[in-house]
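J.: Below is one structure. I have some questions about it.
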Amino acid sequence: MRERRPAQERRRTREFESFVAGARGRLLYAATLLTGEPASRPAPAAEELLLCALSRTYAAWDRLRGDDPYERTRREMAARFAHTARRHRRPRGGLLDRLSPQERLVLVLRLYEDVAEEQTAAQLGLPAERVHALCLRAVADLRSRRRPEPPPAPAPEPSAR
């Protein structure tokens, strides 16, 4: 029995490390979008968010039994972000930093992670109509601020004859 437990731990660790190696990039980018940090610089808040989600996934690794570990980690990350959203209110220069934390969360889950509206609503404890409205408002806000208005073209000068 003593030899069996370390073998199970090694197998568990190898499986988890393999999962992290394959999913870390996408999960870190999702965390960076959530925290509103720029993707071009180190993102300590996003890394902390991802680390917490991965640690909870690892703790539940044996209980997953066929469930998707990526989905589990994404849910953990979304729940952690929702719980600590007040930390992520100030602009940090990222792609979605001008949105509220709730709008960012809905937008990342719906558009980046492609989670169905009903699943997003159930996960966040919101009505589906509210999730739909938040997503539409966030997209409209991003579109309206995407590019500054071009300066008006100078009026042609009348030619002197």
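The values are calculated or read from the model by the stated rules, or taken from the named source; none is laboratory data. Values in this document were obtained by computation on a predicted structure and should not be read as measured data. Using ideal geometry, Cβ is built from the backbone for each residue, glycine included, and neighbour counts are taken over all protein chains shown. In case anyone asks, the SASA skips ligands and DNA or RNA and just uses the protein heavy atoms, side chains included. Shrake-Rupley method; radii C 1.70, N 1.55, O 1.52, S 1.80 Å.
J.: Leaving ligands, DNA and RNA out of it, rank Arg74, Arg56 by accessible area with a 1.4 Å probe, largest first.
T.: Listed by decreasing accessible area, they come as Arg56, Arg74.
J.: While we're here: For Cα Rg over 2.2 N^0.38 Å, the listed values are [x] 0.98; [y] 1.42; [z] 1.06; which was obtained by calculation from the structure presented?
T.: Entry [y].
J.: Below 8 Å, C-alpha to C-alpha, sequence gap of six or more: please give me the relative contact order for the chain in percent.
T.: 20
J.: Another question, if that's okay. With every protein chain left in place, what is the accessible area per residue of the stretch 86-126 in square angstrom, probe 1.4 Å?
T.: 55
J.: Give the calculated FRET efficiency between Gln8 and Leu111 to the nearest 0.05, with a Förster radius of 41 Å applied to their Cβ-Cβ distance.
T.: 0.55
J.: How would you order 59-70, 35-46, 98-109, 114-125 from highest to lowest mean count of nearby Cβ atoms within 10 Å?
T.: Those peptides, ordered most packed to least, come out 98-109, 35-46, 114-125, 59-70.
J.: Here is a follow-up. Considering the dipole of the chain built from charges on the beta carbon (Lys and Arg +1, Asp and Glu -1) around the Cα centre, which of Ala53, Pro69, Leu95 is farthest to its positive end?
T.: Of the options given, the answer is Ala53.
J.: Sticking with the crude label model, points 7 Å out along Cα→Cβ, report the distance from His83 to Glu15 in nm, one decimal please.
T.: For the pair His83/Glu15, the computed spacing is 2.4 nm.
J.: I want the local charge near Arg80. Using Cβ-Cβ distances under 14 Å, sum +1 for each Lys or Arg and -1 for each Asp or Glu among the other residues.
T.: Summing Lys/Arg as +1 and Asp/Glu as -1 gives +4.
J.: Once you've got the GNM for the chain with C-alpha springs shorter than 10 Å, pick whichever of Arg110, Arg87, Arg75 has the biggest mean-square fluctuation.
T.: Fluctuation is largest for Arg87.
J.: What are the DSSP H helices in the chain that stretch 30 Å or more along their long axis, judged by alpha-carbon atoms, and whose average Kyte-Doolittle hydropathy comes to at least 0.0?
T.: Counting only whole DSSP H runs, no helix qualifies.
J.: Between Arg63 and Ala122, what length comes free when the chain is fully extended (0.36 nm per residue of separation minus the Cα-Cα distance, one decimal in nm)?
T.: Taking 0.36 nm per residue and subtracting the Cα distance, the gain is 19.1 nm.
J.: Here is a follow-up. Express the carbon and sulfur contribution to the solvent-accessible surface of the chain as a percent, rounded to the nearest whole number, probe 1.4 angstrom.
T.: Carbon with sulfur: 51 percent of the solvent-accessible area.
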